[in-house]
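The values are calculated or read from the model by the stated rules, or taken from the named source; none is laboratory data. Everything quoted here is computed from the prediction, not taken from an experiment. Cβ atoms come from the backbone with ideal geometry, glycine included; neighbour counts cover every protein chain shown.
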């Protein structure tokens, strides 16, 4: 039975990845006594705990070493390959990450998480078709996987297929009402196709529910400014500045966060006039 991970990691803000706790009868959870000594079992448990902690804390170089040490004990454990792939993707070692995900898929071809993670790595390389193929595979295995729908929307947006992206973002957000990123992406995509009123309504709703989510406030700032609602735009921006300074960097907004062009242009106009 697949152990569904509750842990989502967002790489480059817009991408959703999944850490795996272990699939099936995890060798970490139940090692064969003939294969491992009691000292080995304790060492694996310690490595696993440290690997998760360092991964979550963003110490990816240390996490990489820990997952690699675990693989020396458990080379047939797909969850470990997938998790090492995540920390390598987080360091932008994308080819190495893809190789790890592919090994995890070889070992456990019916588990969705490694396809989701490999798709995200392809997406970071702007290999849209390969990314979409992996997300489609996830959704064939688990049609309720909101992360795959959000990420597929990103890849469709990368191809300029905004209507497909809108549909996927909306479905992802509706499936998981707490998935704020998918709802913001939906609002951004609506803005790109000139459905400005719907976009602003969507973004306001996210800000109301998640007042400390800077992406929603920054997007709302841009949309309000372009709609000549200058006072409210400036008020939203004050909050953004206190939450995340990266939104002042338009290169980051366009290439890392990957906002759609029209809302990124609106933010540029705001920053230019404000500056």
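Residues of the stretch 37-57 include none that is within 24 Å of residue 115 (Cα to Cα), outside any helix (DSSP H, G or I) and not assigned by TED's automatic domain parsing to the domain that holds residue 256.
When we screen 157, 146, 131, 104 for residues that are within 19 Å of residue 51 (Cβ to Cβ) and either surrounded by fewer than 19 Cβ atoms within 10 Å (Cβ to Cβ) or modelled with pLDDT of 95 or more (or both), the only hit is 104.
For the stretch 92-119, a residue qualifies if it is closer than 15 Å to residue 136 by Cα and not in a helix (DSSP H, G or I), and the qualifying residues are 109, 110, 111. Would you be able to say whether some residue in the stretch 71-84 is under 28 Å from residue 161 (Cα atoms), assigned by TED's automatic domain parsing to the domain that holds residue 157, at pLDDT 95 or above and touching a strand residue (DSSP E or B) at 6+ places or on another chain (Cβ under 8 Å)? Taking every residue of the stretch 71-84 in turn, none turns out to be under 28 Å from residue 161 (Cα atoms), assigned by TED's automatic domain parsing to the domain that holds residue 157, at pLDDT 95 or above and touching a strand residue (DSSP E or B) at 6+ places or on another chain (Cβ under 8 Å). It is to be established whether one or more residues within the stretch 141-155 are assigned by TED's automatic domain parsing to the domain that holds residue 19, assigned to a helix (DSSP H, G or I), more than 24 Å from residue 101 (Cα to Cα) and free of Cβ contacts under 8 Å to residues at least 40 places away in the same chain. No; the residues of the stretch 141-155 include none that is assigned by TED's automatic domain parsing to the domain that holds residue 19, assigned to a helix (DSSP H, G or I), more than 24 Å from residue 101 (Cα to Cα) and free of Cβ contacts under 8 Å to residues at least 40 places away in the same chain. Among the residues of the stretch 192-202, at least one is modelled with pLDDT of 95 or more and crowded, with 24+ Cβ neighbours inside 10 Å.
Report yes if residue 138 is in the same structural domain as residue 208 (by TED's automatic domain parsing), surrounded by 18 or more Cβ atoms within 10 Å (Cβ to Cβ), free of Cβ contacts under 8 Å to residues at least 40 places away in the same chain and touching a helix residue (DSSP H, G or I) at 6+ places or on another chain (Cβ under 8 Å), otherwise no. No. Quick one: which helices (runs of 4 or more DSSP H) sit completely within the stretch 178-275 and have at least 3 residues that are more than 24 Å from residue 124 (Cα to Cα) and in contact with a helix residue (DSSP H, G or I) (Cβ under 8 Å, 6 or more places away or on another chain)? Here the list reads 196-209, 214-226, 230-243, 261-274. Have a look at 169, 122 and point out the one that is part of a helix (DSSP H, G or I) and within 23 Å of residue 102 (Cβ to Cβ). Testing whether each residue is part of a helix (DSSP H, G or I) and within 23 Å of residue 102 (Cβ to Cβ) leaves just 122.
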